[in-house]
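J.: Attaching a single structure in C-alpha cells format; questions to follow.
Since every read-out is calculated from the coordinates, none of them should be taken as a lab result. Keep in mind the model is a prediction, meaning the values are calculated, not measured.
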Amino acid sequence: MTSLYGIPIDIGAHIVDSLANSENGQLHVKACALVCRAFLPLCRKHIFRSVAINKPYSNSPRLHHARALFARNPMLAQCVRKLDFCIRQEDFISPDFVFTLDYFTNVQYLNLWYHGIDKLDWQHLPRHAHKTFLHLLHLPTLVSLKLRNITNVPIADLVPCINISHLAIDQVEPLIADGRDQVHIQPSLVRKWRPLPSIHIEEYTFGLCSAALTNEMLHSTRSDGAPAFDFTGLKCFSAKCDSEDDLTTVHSLLSRAEGLEVIHLKISEALSLRGLARFMQRSAVERTLKSASFAMCINDESEDPLAGLCEELDDIRIQGQHQDRGANGNGVLNGNVLETLAIHVMILPDAGCKRGHEWGKLDAVLARPGWYALRRVSLQVTIWDFMRISSDILKYTLEMLLDTQFLYLSRNEDIDFRFNVDVKELMQE
C-alpha cells in the first residue's frame, strides 16, 4: 500500500491516532510510517510530538544532531509539543544552540534543566542563550513548565508566561538584588509588574531549594495590585520540604489555594506537619481536598512516627464539620470530602521508632465522625538499614500493629485499608 486511495483522510488520521494511543504506540506509528508513505505526514505529528535533546544516559539526540534534522525539514519542529532540553555548558559556544531551539514554536510542555555539578547561572548566560530561552518560555502555546538546577532566575523572566497552568521548580533560586538572603524575602522589596494578565496556576510542584522563588511568586503583583501568579485556583500541589523555611512557604501557599483537590507532601527528618491544618482552613481546603499523601522520615526513636499528622487530620475533621453545620443550617454533619489518604513512613538507618499506641492515633482519628467520603487508606513503612537481620526484627514488630493498633481500619468494610512494612538495604562502602 503506497497511498490512501479510497480511504478518507479523516479515517486515515483516526487509524494513526488509534495506533499512537495503543500500547507501544510509538513503535506502531513508526512501523506504519515505514510501510506506507501515504501515512507518513499523519505519523509525523506523533513521532515528533515528544522530543528530548541532550538527555544524559539515554539515546536522545545531541544538539547538533537535532539541528541537522530540523534544518532539513523545519516543519517537523512544528509537530513538537513536548520538549525536554538538558542544558550543557558547551552548548553555549555552538551555533547550533540558537538555530535549533528557535525552530520550536508550538511547544506546550517544556522541561528545561541543567546537567552539571553546580547550578546554571541564569543571570550570566550569554546574551544569545538568554534570548533563546526566553523565546521558549514566552511561547503563547506553553501551558506546562518545569525548571531544575538553575540559579539567579529573575522573576521578570517568568511573569510573561501567562498561559502556563502547570509549573514545577526544583533547585531553582531567584535573582535577589543587593545580596539579600534568598530565603527571607520582604514583600515590600518585590517590584510590581506591568499590567500583564495573572498567571493562573492549577498544578504546582515545589521541589528542593524552592522556597525563595515561591515566595517571590507569592508576593509579586501587577501594577493594578492583582497577583502576578494566582494560586487561588490551585488544584494539585506537590512539595518536598527540607527545612522550616520550606514548610513556612508551603503554609503560605496553602492559605491561598481555595479549591485544592490533591496534595502530595514529603518532609525530611526532624520536621513536623503540625500547623498544616490551620493554614488549609484559611481557604476552606477541607471542603475540596479529595486526595492526600504524606511522606515523612524518622531519624530518632523519640520522634512521633507520623510527624504530627494525626492531630492535623483531627483539626481538618472538626473544621469540616463546623463548616457544613453552618452551611446547611440544619445541624446535619457532612464532614470533609477526603476520599484517599496515603502515608509513607521511612525509618532511617539505626534510627529505630516507637512501636505502640503512637501508631494507633491514626486509627482513632479516622474512626471519629466526619470522614464520610473516605474510601482508601494506605500506610507504607519502609525500614532503611545496612543489616537486614536487625531490621527484620523491627519489621516483624511493626507488622503486628495491624492487629493491635488498626482495629477500626482493618475491620471497616467501607474503607480499603492497606498496611505494609518492608526493608530496604543500603549498600555500605
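J.: Calculate, in nm to one decimal, what Glu244 and Leu407 gain on full extension: separation in residues at 0.36 nm each, minus their alpha carbon distance. Spell out each step's value before the answer.
T.: Numbers: separation 163, 0.36 × 163 = 58.68 nm, distance 3.46 nm.
Roughly 55.2 nm would be gained on extension.
J.: Also: What are the ³J(HN,Hα) couplings of the range 111-123, residue after residue, when phi is run through the Karplus curve with 6.51, -1.76, 1.60 and θ = phi - 60°? Round to Hz, x for glycine and proline.
T.: Those phi angles translate into 10, 10, 8, 10, 9, x, 5, 8, 6, 6, 8, 4, 5 Hz.
J.: Do the alpha carbons of any pairs in Lys235/Lys266; Lys55/Lys424; Lys240/Lys395; Lys119/Lys266; Lys146/Lys290; Lys146/Lys240 sit beyond 20 Å of each other, and which pairs?
T.: Details: Lys235/Lys266 18 Å; Lys55/Lys424 29 Å; Lys240/Lys395 26 Å; Lys119/Lys266 23 Å; Lys146/Lys290 25 Å; Lys146/Lys240 15 Å.
Check vs 20 Å cut-off fails for Lys55/Lys424; Lys240/Lys395; Lys119/Lys266; Lys146/Lys290.
J.: How big is the equivalent ellipsoid of the range 71-128 along its three axes, where each semi-axis is √(5λ) from the Cα gyration tensor, reported in whole Å from largest to smallest?
T.: On the way: eigenvalues 102, 40, 17 Å².
Semi-axes (√(5λ), whole Å): 23, 14, 9.
J.: If you split all Cα-Cα distances of the range 281-429 into 5 Å bins from zero, what percentages do you get per bin, shortest first?
T.: Calculated over all Cα pairs of the range 281-429, the distribution is 2, 9, 18, 20, 17, 12, 9, 6, 4, 2, 1, 0, 0, 0 percent.
J.: Can I ask one more? So if each residue of separation counts as 0.36 nm, and I subtract the Cα-Cα distance between Ala52 and Tyr372, what length gain in nm does that give? Mind dumping the intermediate values first?
T.: Details: separation 320, 0.36 × 320 = 115.20 nm, distance 4.50 nm.
Between Ala52 and Tyr372, full extension yields an extra 110.7 nm.
J.: Rounded if a/c is under 1.5, else prolate if a/b is larger than b/c, else oblate: which is the range 120-171, with a ≥ b ≥ c the root eigenvalues of its Cα gyration tensor? Don't skip to the answer; put the middle values down first.
T.: Values: a/c = 2.09, a/b = 1.30, b/c = 1.61.
Oblate, because a/c is 1.5 or more while a/b does not exceed b/c.
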